[in-house]
1. Under a 5 Å amide H to amide H cut-off, with H placed in plane at 1.01 Å, what residues pair with Ser99 once short-range neighbours are removed?
2. Do you know the Lys pair count in the chain for C-alpha distances under 18 Å, with sequence separation 8 or more or different chains?
3. Among bridges DSSP assigns within the chain, what percent are antiparallel (round to 5)?
4. What FRET efficiency would be calculated for the residue pair Arg34, His107, taking the C-beta separation as r and a Förster radius of 30 Å, to the nearest 0.05?
5. DSSP loop chymotrypsin sites (Phe, Trp or Tyr not before Pro) in region 118-164 with at most 16 other Cβ atoms within 10 Å of their Cβ, which ones?
6. On average, how much area does the Cα convex hull of region 1-103 cover when viewed from any direction, in nm²?
7. Would you work out which of His107, Ala36, Trp51 lies farthest towards the positive end of the dipole of region 10-136, given +1 charges on the beta-carbon of Lys and Arg and -1 on that of Asp and Glu, about the Cα centre?
8. I'd like the GluC sites (Glu not before Pro) in region 19-107 restricted to DSSP loop residues with at most 11 other Cβ atoms within 10 Å, sorted by number.
Amino acid sequence: MNDHAGSDLPIRFDILTLFPEMFPSVLETSIPGRAAKANAAEYAIHDLRDWAEPGGHRKVDDRPFGGGPGMVMMYEPLKQAILAAKKQMPEGVKTVYLSPQGKQQNHQRLHSLVIDRQAIIFVAGRYEGVDERIITRYVDEEWSLGDFVLSGGELAALVYMDAM
Ligand code: SAM
């Protein structure tokens with residue numbers, strides 16, 4: 001529970017993504033769009049490349065910390081993006097990483113988060129996921145959409161926001 005529980009304040013969702021263009025059409029349409037217009041929900045979409053080293057290719061992928069195959073989302077830009085989002089959000093904000101290893105959420109859980117007006121930062125992964133240090137240091141919960149592997153966390157974030 002937080003200070004906003006049961007209030008008329010909008011529920012606030014921030015999304016950290018490499019593909020911000022995936023969000024507006026869904027969040028401005030139908031019930032998510034009506035929720036925003038009625039001031040029941042607020043969405044802020046952040047492009048992770050805004051926190052990449054300026055110049056060059058604005059790199060956001062890196063080799064996994066501690067080794068392993070493939071590439072993961074680089075630690076520093078993601079960390080800076082999470083810290084910046086937290087500064088703009090209500091106290092007690094939860095950072096949720098969308099992950100096939102996470103826990104699948106159900107109606108009862110999502111409903112109670114809405115009643116609590118729980119602000120959420122969704123981290124949408126790409127590549128082989130995110131740098132492990134992000135999960136251990138900054139992520140409060142990992143949420144899965146189901147027992148399958150998507151190409152990115154964006155659709156999972158959209159589904160959960162729609163349900164909420
Ligand atoms: N081998 C990686 C793993 O096990 O995490 C697969 C990464 S997947 C290609 C890229 C991103 O998609 C993940 O970092 C995660 O954010 C998202 N993702 C994939 N499947 C998901 C699922 N079932 N639920 C939620 N997010 C998912």
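1. Residues meeting the criterion, in which the H sits 1.01 Å from N, are Trp143, Ser144, Leu145.
2. 5
3. Here the share of antiparallel DSSP bridges comes out near 10 percent.
4. 0.90
5. In loop regions of region 118-164 (DSSP not H, G, I, E or B), the sparsely surrounded chymotrypsin sites (Phe, Trp or Tyr not before Pro) are Phe148.
6. Value for region 1-103: 8.9 nm².
7. Ranked along the dipole, the leading option is His107.
8. Sites meeting the loop and neighbour criteria: Glu91.
We did not get these values from a lab; they are worked out from the coordinates using the rules stated. Just so we're clear, the structure is a prediction, and the values are computed from it rather than from any experiment. Note that we place each Cβ from the backbone using ideal geometry, even for glycine, and neighbour counts take in every protein chain shown.
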